[in-house]
1. Can you give the Rg to Rh ratio of the range 104-168, both from alpha-carbon atoms, with Rh computed by the Kirkwood formula?
2. Using just the alpha carbons, could you tell me how many Å³ per residue the convex hull of the range 57-138 encloses?
3. Taking 0.36 nm per residue of separation and subtracting the Cα-Cα distance, what length does fully extending ASP127 through ILE49 add?
4. Under the rule of -39500 (n - 2.57) per DSSP H run of 4 or more residues, summed and divided by the residues of the chain, what mean residue ellipticity at 222 nm is obtained, to the nearest 500 deg cm²/dmol?
5. Step through the table entries LYS31/LYS111; LYS31/LYS72; LYS112/LYS160; LYS35/LYS112; LYS7/LYS112; LYS31/LYS100, compare each Cα-Cα distance with 28 Å, and write down the pairs that go over it.
6. Identify the residues of the range 131-168 with backbone N under 18 Å of a label point that sits 7 angstrom from the Cα of LYS72 along the Cα-to-Cβ direction, or state none.
7. Report, to the nearest whole %, how much of the accessible area of the range 103-163 belongs to carbon and sulfur atoms, 1.4 Å probe, protein only.
8. Suppose we look only past 22 Å in the calculated P(r) of the chain. What percent of the Cα-Cα pairs does that tail hold?
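The values are calculated or read from the model by the stated rules, or taken from the named source; none is laboratory data. This one's a predicted model, so the numbers in the text were calculated from it and none came from an experiment. Quick reminder, even Gly has a Cβ in these numbers, built from the backbone with ideal geometry, and neighbours come from all protein chains shown. Side chains are part of the model used for accessible areas, which takes the heavy atoms of the whole protein and leaves out ligands, DNA and RNA. Shrake-Rupley method; radii C 1.70, N 1.55, O 1.52, S 1.80 Å.
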Amino acid sequence: LDHNRKKHYIIEDGKPCDFLIKLGVMSPEGKVFQKHYSKFRQINRFLEIADDSFRDLPSQGTLRIIDFGCGKSYLTFALYYYLRVLKNRDVAIVGLDLKKDVIVHCNELAKKYHYEGLSFLHGDIADYTGTDSADMVVTLHACDTATDYALEKALEWDAKVILSVPCC
């Protein structure tokens with residue numbers, strides 16, 4: 001029917017996306033698994049929100065982004081994929097989390113897909129000293145006081161964009 005329009009997603013269903021395949025969201029043919037469709041929609045909605053904020057970021061040069069409390073890094077990978085692969089921007093993205101096994105897995109995945117400029121570190125946000133500046137700070141669902149520390153650092157670095165959703 002004419003009134004039934006297909007939803008436009010930044011990362012399309014039916015088009016293979018390497019990191020989503022590896023993370024189990026879609027099949028090698030690019031079909032999103034039904035049980036992960038909510039994760040797929042969440043990733044795309046995040047990218048829509050992030051895209052709205054890019055006008056506030058430098059239009060040239062390397063974008064420096066830190067994702068505090070990155071967890072399994074679905075959104076970190078999505079941000080990299082969107083900026084580097086789809087928009088052809090130079091990026092330096094760091095994901096930081098307390099879970100060592102998750103960080104090891106994410107670094108292996110970034111290396112496997114040759115995602116240059118994407119790295120993951122094990123550590124606590126309060127103790128992070130890996131940079132003295134960032135263009136964007138992401139902190140989605142960081143628990144306890146982690147969001148507070150992330151916001152404090154973002155303000156110290158004069159980050160142009162802060163995407164934050166507190167957890168607990």
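1. Answer for the range 104-168: 1.00.
2. Considering the Cα atoms of the range 57-138, their hull volume per residue is 81 Å³.
3. So the chain would gain 25.2 nm between ASP127 and ILE49.
4. -9500 deg cm²/dmol
5. Among LYS31/LYS111; LYS31/LYS72; LYS112/LYS160; LYS35/LYS112; LYS7/LYS112; LYS31/LYS100, the Cα-Cα distance tops 28 Å for LYS112/LYS160; LYS7/LYS112; LYS31/LYS100.
6. Counting backbone N atoms under 18 Å from the label point, the list is 140-143.
7. Result for the range 103-163: 51 percent of the exposed heavy-atom area is carbon or sulfur.
8. I get 43 percent for the Cα pairs in the chain exceeding 22 Å.
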